[in-house]
Amino acid sequence: MQRTAVYVRVSTEDQRWDSQEQELAAYCTARSWHSTRLFRDGISGSKATRPELDQLMREVRAGRVERIVCYKLDRLGRSLTHLALILDELGRLRVPLICTSQGIDTTDSNPVGKLQLGVLMAVAEFERGLIRERTLAGLSAAKARGAVLGRPPTSPARIAEVERLRSTGLGIRAIARTMAMPVSTVSSLLARM
């Protein structure tokens with residue numbers, strides 16, 4: 001059975017969900033959406049995982065959610081990029097998002113909601129591009145300062161030990177276990193010999 005998922009979040013357990021819950025309950029009742037399930041997080045929006053949001057998304061993926069209703073977009077996504085990922089998944093699964101206080105409704109029958117969603121996705125893509133650009137600029141600046149990027153090279157003593165172990169007949173995996181090195185590193189070192 002599909003339900004309307006109602007998601008509320010406050011930043012700490014000391015805060016209360018009452019105002020969000022009351023508005024969202026009234027919104028659902030006015031639309032005769034009686035089969036609702038409440039998902040309630042009391043955790044900062046910046047946290048990578050939120051138990052109730054994670055459970056909500058599992059329910060969506062399982063096809064048990066018809067629509068998601070929340071108070072505001074910032075209650076749902078921890079950043080614009082995170083929100084874009086959620087919205088993209090909801091779009092692919094054809095589950096509309098409704099944010100009551102912002103007039104956002106991505107239901108198929110609502111062209112304004114589709115426009116809003118398109119603008120949000122474009123802004124999120126722009127933000128991802130800026131992040132990528134800043135990352136590349138930071139790497140270039142680090143290189144210009146003489147910073148060595150990547151993993152440090154394997155010491156000559158460890159290379160010699162790999163060679164010695166190989167000469168005793170040990171295989172790559174056995175050498176990796178003995179030296180507590182990744183198999184790929186041992187394999188790469190032996191390929192250079």
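None of the figures in this text is laboratory data; all of them are computed from the coordinates on show. From a predicted model like this one, the values you see are computed outputs, not experimental measurements. Please note: Cβ atoms are built from the backbone with ideal geometry, for glycine as well, and neighbour counts cover all protein chains shown.
Specify which labelled value, from (i) 62; (ii) 66; (iii) 51, agrees with percent of Cα pairs over 22 Å apart derived from the coordinates of the model shown.
(i)
All other residues with a Cβ under 13 Å from the Cβ of Leu93 taken together, and with Lys, Arg as +1 and Asp, Glu as -1, what is their net charge?
Computed value for this residue: +1.
Divide by every residue of the chain the summed helix terms, -39500 (n - 2.57) for each DSSP H run of at least 4, and state the resulting mean residue ellipticity at 222 nm, rounded to the nearest 500 deg cm²/dmol.
-17000 deg cm²/dmol
Farthest toward the dipole's positive end in the chain, which of Leu83, Thr36, Val186, given Cβ charges of +1 (Lys, Arg) and -1 (Asp, Glu) about the Cα centre?
The one lying farthest along the dipole's positive direction is Val186.
Mean Kyte-Doolittle of at least 1.6 and a Cα length of 24 Å or more along the axis: which whole DSSP H helices of the chain meet both?
Membrane-span-like by this rule: not one helix.
Label Ser188 and Ser19 with points 7 Å out from Cα along Cα→Cβ: what is the distance between them in nm?
Distance between label points: 5.4 nm.
So if I place +1 on the C-beta of Lys and Arg and -1 on the C-beta of Asp and Glu, and nothing else carries charge, what would the dipole magnitude of segment 3-126 be about its Cα centre? I want it in debye, nearest 20.
260 debye
Return Ile98, Ile43, Ile131 ranked ascending by Cβ neighbour count within 10 Å, so the fewest neighbours appear first.
Ile131, Ile43, Ile98
Where does each of 65-73, 109-117 land if you order them by average Cβ count within 10 Å, highest first?
For the peptides 65-73, 109-117, the packing ranking is 65-73, 109-117.
Would you kindly state how much longer the chain becomes between Leu149 and Leu130 on full extension, computed as 0.36 nm times their sequence separation minus their alpha carbon distance, in nm to one decimal?
That pair, Leu149 and Leu130, stretches by 4.7 nm at full extension.
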